[in-house]
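Report on the structure given below.
The values are calculated or read from the model by the stated rules, or taken from the named source; none is laboratory data. Nothing here was measured: the structure is a model prediction, and the numbers come from that model. Heads up, the Cβs are rebuilt from the backbone with ideal geometry, glycines too, and the neighbour counts pull from every protein chain shown. Please note that ligands, DNA and RNA were not included when accessible areas were found on the heavy atoms of the full protein model with its side chains. Shrake-Rupley method; radii C 1.70, N 1.55, O 1.52, S 1.80 Å.
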Amino acid sequence: MSPSTARPPSPRPRAPRPAVVRARRNGAAGEGLFRSPRTRRTTLHVLQVAIVAALLIYWEVGARTGAISAFLFSSPSAIWEVLVQRFQSGELLTDITTTAAEVIIGFLVGAVGGSVLGLLLWYSRFVSDLAAPFIAAIGSIPVLAIAPMTIIWFGTEMLAKVVIVAFSCVVVSLTTSYRGAQRTDPDLINLMRSFNASRHAIFLKLVVPGSMGWIVSGLKLNVGFAIVGAIVAEYISSEAGIGHMILLGSSNFSMNIVLAGVALVMVMMLLFNALISGLERILLSWERK
C-alpha cells in the first residue's frame with residue numbers, strides 16, 4: 001500500500017465524563033424502575049391519591065379561611081357530614097342501591113345486548129347496510145328528549161329507568177362490536193373456509209374472539225352513558241336514587257347535598273370502570289398467551 005493511500009490511524013475514543021456516566025446510569029435506572037408493570041401501576045396510584053388528597057386539603061382550608069365560598073362550593077367536611085347523616089338515616093344506602101340496580105340491569109340489556117346484535121350483523125352485510133341509517137338516527141336522539149316519553153310509556157317504576165339506561169348504551173355497543181366483527185382478518189377467514197369450516201364455526205372461533213377488544217372498548221364507553229342515563233331518568237321521575245338526591249339538593253339550594261351526590265356518581269363510575277377492566281383482563285387473556 002502506498003503512503004498516499006494509507007489511512008491515518010483513527011483516534012481513540014474519549015472516555016465519557018463522569019457526569020455523563022452518572023446521567024446515563026440514572027436514566028437507565030429510571031427506565032428500569034418503570035419497566036415493571038406492578039411498580040409503574042403502584043407509582044401511578046400513589047401519585048393519583050396524592051393529587052386528590054392535595055386538592056381536598058386545599059379545598060377544605062380555602063373553605064375554612066374564606067378564600068373559597070363555602071356556600072357556593074361547600075367543603076369536603078360538609079359533604080362528608082351529609083353522607084354520614086344520610087347513611088345513618090338509611091337514605092344513602094337506598095339511593096345507592098336504587099341507582100346501581102338501574103345501571104347494572106340497563107347496562108346488561110343495552111350494552112351486552114347491543115354487542116350481541118352488532119356481532120350478529122356480521123352474518124349479513126345486506127342487513128347491516130340496511131340498518132345502518134336507522135342505527136345512526138337512533139343514536140342521534142338525546143336521552144333527555146326520550147326520557148319523558150319513556151316515563152309515560154313505562155310508568156314511573158324501575159322499568160322506565162332501565163329502558164332509558166339501555167337506550168343510552170345500545171347504539172355504541174352495537175356499532176363498536178359490528179366494527180370489530182368487520183375487522184376480522186379475511187385471510188384467516190379464507191383459511192378456515194379452506195378447512196371446510198362452517199360459517200357458524202368461523203363466527204364463534206374467529207369473529208367473536210377477534211372482536212373482544214372492540215367490545216370491551218364499547219363497554220368502557222357505555223359505563224359513563226349508563227350512569228348518566230340513570231341520573232337523567234331519576235331527574236324526570238323518582239322517589240330514590242342518586243339523581244333524586246342531587247335534584248333534592250339543587251331544589252333546596254344545598255350545595256352540600258348536590259356535591260355529595262356528585263361524589264357518589266364519581267365513585268360509582270370508578271367502581272364500574274374497575275369491574276370492566278377486570279373483565280377485560282379475563283376476556284383478552286388469550287392475546288397474551
*When region 76-108 is examined, which residues are found to be of a type in the set (D, E, K, R), open to solvent by less than 40 Å² (accessible area, probe 1.4 Å), closer than 19 Å to Asn256 by Cβ and out of contact with any Leu (no Cβ under 8 Å at 6 or more places or on another chain)?*
none
*Out of curiosity, is Ser128 under 22 Å from the mean Cα position of the chain (by Cα), surrounded by 15 or more Cβ atoms within 10 Å (Cβ to Cβ) and either among the hydrophobic types (A, V, I, L, M, F, W, C) or under 26 Å from Met212 (Cβ atoms) (or both)?*
no
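Looking only at region 147-178, filter to residues that are free of Cβ contacts under 8 Å to residues at least 40 places away in the same chain and open to solvent by 40 Å² or more (accessible area, probe 1.4 Å); which one of those is nearest to Gly106 (Cα to Cα)? Write out each step before concluding.
Kept after step one, since they are free of Cβ contacts under 8 Å to residues at least 40 places away in the same chain, are these residues of region 147-178: 149, 152-155, 157, 159.
From what is left, the residues that are open to solvent by 40 Å² or more (accessible area, probe 1.4 Å) are 149, 152-154, 157, 159.
On the way: Met149: 17, Ile152: 18, Trp153: 17, Phe154: 14, Glu157: 14, Leu159: 9 Å.
If we take residues in region 147-178 being free of Cβ contacts under 8 Å to residues at least 40 places away in the same chain and open to solvent by 40 Å² or more (accessible area, probe 1.4 Å), then Leu159 is nearest to Gly106 (Cα to Cα).
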*First in region 125-137 and under 21 Å from Phe167 (Cβ atoms), second anywhere and β-branched (Val, Ile, Thr), Cβ under 7 Å, 6 or more apart*: Ile135/Val171; Ile135/Thr175
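Of the residues in region 237-256, how many are buried (at least 24 other Cβ atoms within 10 Å of the Cβ) and among the hydrophobic types (A, V, I, L, M, F, W, C)? Don't jump to the end; show me each part of the working.
Here is the first cut: in region 237-256, the ones buried (at least 24 other Cβ atoms within 10 Å of the Cβ) are 238, 241-243, 245.
Going one step further and asking which of them are among the hydrophobic types (A, V, I, L, M, F, W, C), we end up with 242, 245.
Counting residues in region 237-256 that are buried (at least 24 other Cβ atoms within 10 Å of the Cβ) and among the hydrophobic types (A, V, I, L, M, F, W, C) gives 2.
Quickly run through region 213-236 and pick out the residues that are open to solvent by 40 Å² or more (accessible area, probe 1.4 Å) and either within 23 Å of Leu119 (Cβ to Cβ) or of a type in the set (Phe, Trp, Tyr) (or both). Before you say what the answer is, go through the steps one by one.
Taking region 213-236 and keeping what is open to solvent by 40 Å² or more (accessible area, probe 1.4 Å), we get 214, 217, 220-221, 225, 228, 235-236.
The answer is Trp214, Ser217, Lys220, Leu221, Phe225, Tyr235.
Kindly provide the set of residues from region 135-166 that are within 21 Å of Trp214 (Cβ to Cβ) and either at pLDDT 85 or above or of a type in the set (Val, Ile, Thr) (or both), ordered by number.
Residues of region 135-166 that are within 21 Å of Trp214 (Cβ to Cβ), as a first pass: 135-136, 138-139, 166.
The answer is Ile135, Ala136, Ile138, Ala166.
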*Looking at (1) touching a helix residue (DSSP H, G or I) at 6+ places or on another chain (Cβ under 6 Å); (2) more than 20 Å from Val109 (Cα to Cα), which is the one condition that is false for Ser211?*
(2)
_Checking Leu117 against (1) at pLDDT below 90; (2) open to solvent by 70 Å² or more (accessible area, probe 1.4 Å); (3) more than 24 Å from Met266 (Cβ to Cβ): exactly one of these is not met. Which one?_
(1)
